[in-house]
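The values are calculated or read from the model by the stated rules, or taken from the named source; none is laboratory data. Everything numeric in this text was worked out from a predicted model, so none of it was measured. Methodologically, a virtual Cβ is constructed for each residue, glycine included, from the backbone with ideal geometry; neighbour enumeration extends over all protein chains shown.
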Amino acid sequence: MRSLFFLALIAAPALADDPAAHSGVARARTGPEPSDIALFVMAAVGVWLARRAMIRRAAKRRED
């Protein structure tokens with residue numbers, strides 16, 4: 001019964017009547033997409049948070 005559920009879950013997208021996610025025709029790129037900018041911003045925030053945490057950790061060790 002459990003395997004039947006997983007089989008139905010895997011087969012569901014193939015049996016759906018929804019149209020394709022894209023037409024397959026590539027268009028000319030004129031600049032970065034919003035998702036590219038969002039990815040860059042999230043990576044920059046992650047690097048900033050990691051650096052801040054490492055600096056605070058090193059400062060705490062110097063105080064001891």
Right, PRO32: out of contact with any Leu (no Cβ under 6 Å at 6 or more places or on another chain), assigned to a loop (DSSP other than H, G, I, E, B) and modelled with pLDDT under 85 or not? no
Region 27-53 residues that are without any contact (Cβ under 8 Å) to a residue 40 or more places away in the chain and of a type outside the set (Ser, Thr, Tyr), paired with ones that are surrounded by 10 or more Cβ atoms within 10 Å (Cβ to Cβ) and in a helix (DSSP H, G or I) (beta carbon under 9 Å, 6 or more apart): PRO32/PHE40
